[in-house]
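For reference, the structure discussed in these notes is given below.
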Amino acid sequence: METTLAIIKPDAYKDGNSGKIIDRIISEGFTIKEMKQIHMTKENAEGFYEVHRDRPFYDELTNFMSSGNCVVLSLGRDNAVSKWREVIGATNPEEAAEGTIRALYGKNTGNNAVHGSDSAENGMIESNYFF
Ligand code: CMP
């Protein structure tokens, strides 16, 4: 079983969409290995997104991710990384396929409702970051 890290971001949390997203996670066949509600500090968010430190959106991204509560989940499933990325859709909600979580609940590239790991290796690294 592969592991991926999912985050329900502050926009989706504030909009009251956490329950719907967790239902979707379960109905798509993922096992919730770990789950907790957190409010990241700016430093937590900077550490998590360290790989993006040199990107122009790093400050905006880490301010947003530390702006309110999130739900972080470590998910297990066959092909968990690619399946979760399929379920959440493209980074920009306007480009996300119909019915994906970002198409349903995201607002823009920054406020895009959820995070998903981009490789099995990062799925483990990111899960270990929070759990
Ligand atoms: P996420 O899957 O959490 O991984 C990195 C995040 O950076 C991504 O989702 C987006 O929310 C964010 N991101 C990527 N590009 C931009 C951008 N141009 N402006 C703001 N945020 C961005």
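Those residues that are within 20 Å of Glu60 (Cβ to Cβ) and open to solvent by 30 Å² or more (accessible area, probe 1.4 Å), I need them from region 105-125; list them, please.
Tyr105, Lys107, Asn108, Thr109, Asn111, Asp118
To keep it simple, each residue is scored yes or no on (1) of a type in the set (S, T, N, Q); (2) over 14 Å from the mean Cα position of the chain (by Cα).
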site: Pro10; (1), (2): no, no
site: Asp15; (1), (2): no, yes
site: Ile22; (1), (2): no, no
site: Ile25; (1), (2): no, no
site: Lys36; (1), (2): no, no
site: Thr41; (1), (2): yes, yes
site: Pro56; (1), (2): no, yes
site: Val81; (1), (2): no, no
site: Trp84; (1), (2): no, no
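Restricting the search to region 66-104, which residues are closer than 19 Å to Glu46 by Cα and touching a strand residue (DSSP E or B) at 6+ places or on another chain (Cβ under 8 Å)?
Asn69, Cys70, Val71, Val72, Leu73
Please work out if Ser127 is among the hydroxyl-bearing types (Ser, Thr, Tyr), more than 9 Å from the ligand (Cβ to nearest atom) and in contact (Cβ under 8 Å) with a residue 24 or more places away in the chain.
On the way: among the hydroxyl-bearing types (Ser, Thr, Tyr): yes; more than 9 Å from the ligand (Cβ to nearest atom): yes; in contact (Cβ under 8 Å) with a residue 24 or more places away in the chain: yes.
So Ser127 fits the description; yes.
List every residue pair whose Cβ atoms lie under 9 Å apart, where the two residues are 6 or more positions apart in sequence or sit on different chains, the first residue falls within region 104-119 and is aromatic (Phe, Trp, Tyr), and the second residue, located anywhere, is near the ligand (Cβ under 9 Å from one of its atoms) and not in a loop (DSSP other than H, G, I, E, B).
What qualifies is Tyr105/Val114.
Can you find even one residue in region 106-118 that is within 24 Å of Lys33 (Cβ to Cβ), more than 9 Å from the ligand (Cβ to nearest atom) and basic (Lys, Arg)?
no
The values are calculated or read from the model by the stated rules, or taken from the named source; none is laboratory data. Everything quoted here is computed from the prediction, not taken from an experiment. We place every Cβ from the backbone using ideal geometry, glycine too, and count neighbours over all the protein chains shown. What goes into the accessible areas is simple: the full protein's heavy atoms, side chains included, and nothing from ligands, DNA or RNA. Shrake-Rupley method; radii C 1.70, N 1.55, O 1.52, S 1.80 Å.
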